[in-house]
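Remarks on the structure that follows.
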Amino acid sequence: MDQKLTSTFLRVCQEGSIRAAAVALELEPSTISRRLTSLEEELSIQLLERRKKGVTPTEAGALLLRHLRAQMAELEALTAEFDALRGMRRGTVSLAVGDGFISDLIKNALPGFKRMHPEITFNMRSGSTKTVMQDVLNDVAHLGFVFNAMPDRQCKVLAHITQPLQLLVSPSSECANTVAPVSINSLAGMRMALLSSGSGIGAMVRQVETTYGVRLNRALEANSLAAVRNFVREGLGVTVLPSFVVAQEIADGSIVGLPVDIPEFAKGEVSMIARSGRRLPDVAMKLANHAMRSMLAFKA
């Protein structure tokens with residue numbers, strides 16, 4: 001099989017549509033379509049089912065996808081062995097990261113690791129908990145960093161720790177000096193900035209609303225952590241997040257963290273994941289171990 005055709009097929013499956021793959025590969029959609037057609041003609045079988053909102057592999061396409069990913073993993077393992085023999089002087093670690101982990105990872109983990117392995121490069125994609133897990137399961141990323149992820153047998157957990165949600169407010173807020181933990185009834189009366197349901201934190205909030213039969217007052221709902229953080233910092237509302245996400249803001253006094261008296265919010269969990277059955281390159285495992293020791297997310 002032509003590698004150009006199979007790599008295009010892989011990218012289309014990864015992106016979920018011909019148009020998205022064309023953007024990622026900087027090609028015309030018609031070029032992508034021609035390559036897929038050529039591959040299907042070469043194999044004499046339909047590989048993709050075209051739908052209004054993208055494409056999905058047929059049974060034959062799923063078989064080819066598994067084969068190509070296994071092939072890539074074997075090649076990657078061989079390359080990693082060569083890199084290990086060279087003292088890991090080069091190589092790339094691919095990361096899928098929830099937005100809340102980005103600052104922590106870049107500030108506390110990558111600098112020290114880069115000093116030990118200066119020629120190692122990183123490929124980082126950010127997104128929701130669901131997106132991160134998909135990237136790990138699709139072998140787009142060696143490691144994934146997620147909050148409150150649902151257990152999945154296809155994922156192995158390399159590290160996890162409980163990180164409760166706190167109420168985060170501006171220092172100018174009326175409740176900034178509150179001593180007692182905030183109850184669900186008090187929280188329901190506040191103007192809130194909340195993450196959308198695709199995030200692990202958003203899912204926790206909606207579960208709490210269901211459990212207590214309340215509807216929190218959404219002054220802002222966004223899929224951007226930066227939007228939520230800035231909304232709170234400017235005193236426009238409050239939010240609930242684990243404290244490591246806003247460690248810098250808490251340290252400089254631009255955001256205040258308060259405890260909440262909501263047991264469900266105490267069960268938030270940070271996890272570092274990889275795909276079950278995938279042999280990670282040595283350099284990826286070394287980064288995983290370094291991240292566990294250096295990131296605030298993995299400290300109680």
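Values quoted throughout were computed directly from the atomic coordinates according to the rules given, and no laboratory measurement underlies them. Model, not experiment: these values are computed from the prediction. No Cβ is skipped: glycine too gets one built from the backbone with ideal geometry, and neighbour counts run over all protein chains shown.
If you wrap a convex hull around the Cα atoms of the range 165-267, how much volume per residue is inside, in Å³?
87 Å³
Tell me the net charge near Phe113. Cut-off is 11 Å between Cβ atoms, Phe113 excluded, with +1 for each Lys or Arg and -1 for each Asp or Glu.
Combined, the nearby Lys, Arg, Asp and Glu give +4.
Just for the range 165-267, what percent of DSSP beta bridges are antiparallel, to the closest 5?
So the antiparallel bridges in the range 165-267 amount to around 50 percent.
Counting pairs of alpha carbon atoms under 8 Å apart in space and at least six apart in sequence, what relative contact order in percent does the range 165-267 give?
Reported relative contact order: 48 percent.
Assuming R0 = 45 Å, can you tell me the calculated FRET efficiency for the pair Ser7 and Asn185, based on Cβ-Cβ distance, to the nearest 0.05?
Efficiency, rounded to the nearest 0.05: 0.20.
Scan the range 254-286 for trypsin sites (Lys or Arg not before Pro) in coil per DSSP, keeping those whose Cβ has at most 16 other Cβ atoms within 10 Å, and list them by number.
Here the sparse-neighbourhood loop sites are Arg279.
So what's the gap between the Cα centers of the range 248-266 and the range 135-190, to the nearest angstrom?
Between the Cα centre of the range 248-266 and that of the range 135-190, the gap is 11 Å.
Considering the convex hull of the alpha carbon atoms of the range 3-64, report its projected area averaged over all viewing directions, in nm², one decimal.
Answer in nm², one decimal: 3.7.
How much mean residue ellipticity at 222 nm does the chain get from its helices, if each DSSP H run of length 4 or more adds -39500 (n - 2.57) and you divide by all residues, to the nearest 500 deg cm²/dmol?
After summing the helix terms and dividing by residue count, I get -12500 deg cm²/dmol.
In nm, give the distance between the simple-model label positions of Thr92 and Ala266, each being 7 Å from the Cα along the Cα-to-Cβ direction.
Simple spin-label model gives 4.5 nm for this pair.
State to the nearest 20 debye the size of the charge dipole of the range 8-111 about its Cα centre, where the only charges are +1 on K and R beta carbons and -1 on D and E beta carbons.
Once rounded to the nearest 20, the dipole reads 240 debye.
Taking loop as defined by DSSP and a crowding limit of 13 other beta carbons within 10 Å, which GluC sites (Glu not before Pro) in the range 220-300 fit?
Glu234
Among Leu216, Val260, Leu280, flag the residue with its Cα farthest along the positive direction of the charge dipole of the range 205-300, charges on Cβ as +1 for Lys/Arg and -1 for Asp/Glu.
The residue sitting farthest along the positive end of the dipole is Leu280.
Using R₀ = 35 Å, calculate the FRET efficiency as 1/(1 + (r/R₀)^6) where r is the Cβ-Cβ separation of Ser276 and Glu28; round to 0.05.
Working from the Cβ atoms, E equals 0.40.
Which residues' amide hydrogens lie under 5 Å from the amide hydrogen of Gln163, considering only partners 5 or more residues apart or on another chain, with H built in the peptide plane?
Gly268, Glu269, Val270
In whole Å, what is the distance between the alpha-carbon centres of the range 1-31 and the range 210-225?
Cα centres, the range 1-31 to the range 210-225: 37 Å.
Find the relative contact order for the chain and round it to a whole percent, using C-alpha pairs within less than 8 Å whose residues are 6+ positions apart.
22 percent
Jot down the radius of gyration and Dmax of the chain, Cα atoms only, both in angstrom.
Reported Rg and Dmax, both Å: 22.0, 70.
If contacts are Cα pairs under 8 angstrom and at least 6 residues apart, what is the relative contact order of the range 214-275 in percent?
19 percent
Tally Lys/Arg at +1 and Asp/Glu at -1 over every other residue whose Cβ is under 15 Å from the Cβ of Ala180; what's the total?
-2
With a sphere of radius 11 Å drawn around the Cβ of Gln46, what net charge do the other residues whose Cβ falls strictly inside it have (Lys, Arg +1; Asp, Glu -1)?
-3
Mind checking the range 1-57 for trypsin sites (Lys or Arg not before Pro) that DSSP puts in a loop (not H, G, I, E or B) and that have at most 11 other Cβ atoms within 10 Å?
When the trypsin sites (Lys or Arg not before Pro) of the range 1-57 are filtered for loop state and at most 11 Cβ neighbours within 10 Å, Lys52, Lys53 remain.
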